Amino acid sequence: MSQIEAYSLGVKVAFWCLWLLCAVFLLPFAYVMIYMICASLMPIGIKSAFAINWPIGSWPLFLILAEIIILFRSASQFLNKAKPASLLIKNMALTAFGAPFIAFGGCIIAG
C-alpha cells in the first residue's frame with residue numbers, strides 16, 4: 001500500500017502556479033516546433049519531403065507529446081497525493097525548461 005502525501009496550502013498554491021506557468025511556457029514552444037515542421041515540409045512538397053524528413057520532423061513532435069504527458073501525469077499524481085511535491089516540481093521543471101533544449105539540440109544535430 002502506498003503512502004499518501006500531505007500537502008500544505010502553500011505547496012498546493014505553488015504547485016498549481018508552477019503547473020500553469022509550465023503549460024503557458026509549453027504552448028508557444030509547441031506552436032513554434034509545429035510551425036518549423038510544416039515549414040520544413042512545404043517548400044519541397046509534402047510527399048517527397050515527408051519520405052526524407054520524417055525522422056527529423058517527428059523528433060520535436062514526440063518531445064512535445066512527452067512534455068504534455070509528463071505535465072498531466074504530474075498533475076494527476078498531485079491530485080492523487082501519490083508523490084512528494086518536490087519530485088513533481090522537479091518533473092515540471094524538466095518539462096518546461098529541459099525538454100525544449102533537448103528538442104532544439106536534436107533539431108540542430110539533425111539539420
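The residues of region 1-48 that are modelled with pLDDT of 85 or more and not in a helix (DSSP H, G or I), listed by number, are Tyr7, Ser8.
Would you say Leu79 is closer than 17 Å to Phe101 by Cα and modelled with pLDDT of 80 or more?
Values: closer than 17 Å to Phe101 by Cα: no; modelled with pLDDT of 80 or more: yes.
In short, no.
Could you tell me whether Ala66 is out of contact with any Pro (no Cβ under 9 Å at 6 or more places or on another chain) and either at pLDDT 70 or above or not in a helix (DSSP H, G or I) (or both)?
Numbers: out of contact with any Pro (no Cβ under 9 Å at 6 or more places or on another chain): yes; either at pLDDT 70 or above or not in a helix (DSSP H, G or I) (or both): yes.
Criteria met by Ala66.
When region 1-20 is filtered for residues that are of a type outside the set (Ser, Thr, Tyr) and surrounded by 10 or more Cβ atoms within 10 Å (Cβ to Cβ), the ones remaining, listed by number, are Glu5, Val11, Lys12, Val13, Ala14, Phe15, Trp16, Cys17, Leu18, Trp19, Leu20.
The values are calculated or read from the model by the stated rules, or taken from the named source; none is laboratory data. Keep in mind that what you see is a predicted model, and the values were worked out from it rather than measured. Positions of Cβ are backbone-derived with ideal geometry, glycine not excepted, and every protein chain shown enters the neighbour counts.
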